[in-house]
Amino acid sequence: MDTKYTLTVFIGLLILVVALPVYALQEPQRMENAQQDLRQRFVADGAVMYVDNCALCHDVSGEGIGANPALNTDAIRNADYDFLYKTIARGRYGTAMTAWHEEDGGPFNSYQVEELVAFLRYVDWGQVAEIAAQQGVIPPAMPVPEVGDDLLAQVTALGPDGEVWANGLTTYAQNCTTCHGVYGEGTDLAPALNDEDTRTTGANELARLIREGVPGTMMPAWNNKLDDDAIASLVAFLQNWDVINEAGIELIPPAPIHIDPTNPEEMLALGERLYASTCAACHGANGEGGSGPALNSLQILSRNDDAALTSTVIYGPRRPNSIMPAFGDRLTSVEVDALVQYLRSWEATATWVQNPRGTEQGGGPPWLRATPDPNNPIQPGQGRGPNGGPNAQSEQPVGPTLHFTGQVVSIADNALTFIDDTGQQHDAMLGPSWWWAENGIELQPGDPIELEGFESPDHMEVNWIKNLRTGRRIDLRTPSGMPVWGGQ
């Protein structure tokens, strides 16, 4: 009996000798995990309080509104704990920051103030807008500030050119803030404009950039929307923005929008606002197309389900050389849903667009839009046509070679719409109508096809196409890139 007792005690002591060091080694990690869990809980609760009580002044993204400071900064994240606690609890004398602790008439107890401190120090601000959206608080992610008469009067009073600056400020607020920011600070879509580089750029050069746009970027040509006076006033505003700021005058972003995400009418209205501020500049006010494709078209809406539209908004199009950015980092899931619902509302009245990639906004290349000169007519035989003679036609600049296999959606004259193997829809032109009518390959909706092409400024051009159902291939361009209808 004594032997068994001694053995039991020995084993117990051995377990303690082994277990205690192991436990001690694991304790720091256990404590760290516990602290992380507690911080996560505090941040989650603080985010809800922030959206309900603080976002109206400091913005859902923490960027600040007007004179109210930004909180999404390293200075706040690294601020002393006591400083943050006292600022929230007691407020800041001489500012709009009121006391939020219940002892000073506020709504929060000490525990809730600590949650807000944890929120400010550890939060991922990219998630706050999503939390807000789920509660129906939509941040002005694409801000279009309202310009009141009082603000314009202040700008006009600044000097003899004040009225011109006021007109330019109005133009900027209505057309430019989405990409360049309310304060001209720039965004991931476009550079800053309220800076010394812009102010020292010549007025003629700024006017040219606005009028003609910047190829290969999101900057479209504004000559069809803004007249010369509007462009001149916008240039004057940009070059004197520092003078306006020094007078204490600045644009104020709109407050967050409160909606019910379960209300279809409110979601549709939100989608319309987002489209007008985010998409219309490239896709047209009514989806008719511009520098971007026509979205109010049967080709787009009947061949893309909501999931495909959502993917394009979030990740951008898969089409090579497209300048459309991905909006997944700029729009919440609620905003994306609202935008897709608004696009889908067009489907009932959408029509077939011959070339959905912008026919409404260009009318053809510049040389074709020029007004004919009766005193300098073009002579027959100087070009390539069904009966034209040879000429020294140069190769067309082309983009990277693209190769697709997929299925025909529709074929209208020489305009082909097809879906590739990834489910992405494309539109392509199959040479001049007269040539295709004489040399066309048989194509029907549903036919499997293989083709090679490239992106031109307005659409996709085809080098060759093969109908996999019939096995017939037709070449539209020579190996050097010259169109075969040119006779070479």
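Values in this text are rule-based calculations from the coordinates and carry no lab data. Because the structure is predicted, anything quoted here is derived from the model rather than measured. Cβ placement follows ideal geometry from the backbone for every residue including glycine, while neighbour counts extend to all protein chains displayed.
Pairs of Cα atoms under 8 Å, at least six residues apart: use those to get the relative contact order of segment 259-351, whole percent. Kindly include the intermediate steps, with their values, before the conclusion.
Working: 102 pairs, mean separation 31.1, N = 93.
Averaging sequence separation for qualifying contacts and normalising by length gives 33 percent for segment 259-351.
Remind me, relative contact order of segment 174-311 in percent, using alpha carbon pairs under 8 angstrom and six or more residues apart?
On the way: 112 pairs, mean separation 19.3, N = 138.
Across segment 174-311, relative contact order equals 14 percent.
Let me know the volume per residue of the alpha-carbon convex hull for segment 259-351, in Å³. Walk me through the numbers before you get to the answer.
Working: hull volume 8.8 nm³, N = 93.
That works out to 95 Å³ per residue.
Based on alpha-carbon centroids, what's the gap between segment 237-256 and segment 180-225 in Å, whole number please?
Centre-to-centre distance over Cα atoms comes out at 16 Å.
Take Q174 and T8, extend 7 Å from each Cα along the Cα→Cβ direction, and tell me the distance between the two endpoints in nm.
Computed distance between label sites Q174 and T8 equals 9.2 nm.
How many nm is it between the label spots at T156 and Y93, if each spot is 7 Å from the Cα in line with the beta carbon?
Going by the 7 Å Cα→Cβ label model, 4.2 nm.
Can you give the FRET efficiency for N245 and Y81, using 1/(1 + (r/R0)^6), R0 = 60 Å, r = Cβ-Cβ distance, to the nearest 0.05? Present the calculation step by step, with values, prior to reporting the outcome.
On the way: r = 34 Å, r/R0 = 0.57.
Efficiency, from the Cβ-Cβ distance: 0.95.
Report the full-extension gain for the segment D260 to T405: residue separation times 0.36 nm, less the Cα-Cα distance, to one decimal in nm.
Working: separation 145, 0.36 × 145 = 52.20 nm, distance 4.35 nm.
Extra length available between D260 and T405 comes to 47.9 nm.
Assuming 1.306 mPa s and 10 °C, estimate D for segment 149-246 with Stokes-Einstein, Rh taken as the Kirkwood radius over Cα pairs, in µm²/s. Before the final figure, lay out each step's value.
Working: Rh = 13.5 Å.
Taking Rh from Cα pairs, D becomes 118 µm²/s.
Suppose the chain between A269 and R208 were pulled fully straight at 0.36 nm per residue; how much longer would it get relative to their current alpha carbon spacing? Can you show the working numbers first?
Numbers: separation 61, 0.36 × 61 = 21.96 nm, distance 3.54 nm.
Between A269 and R208, full extension yields 18.4 nm more.
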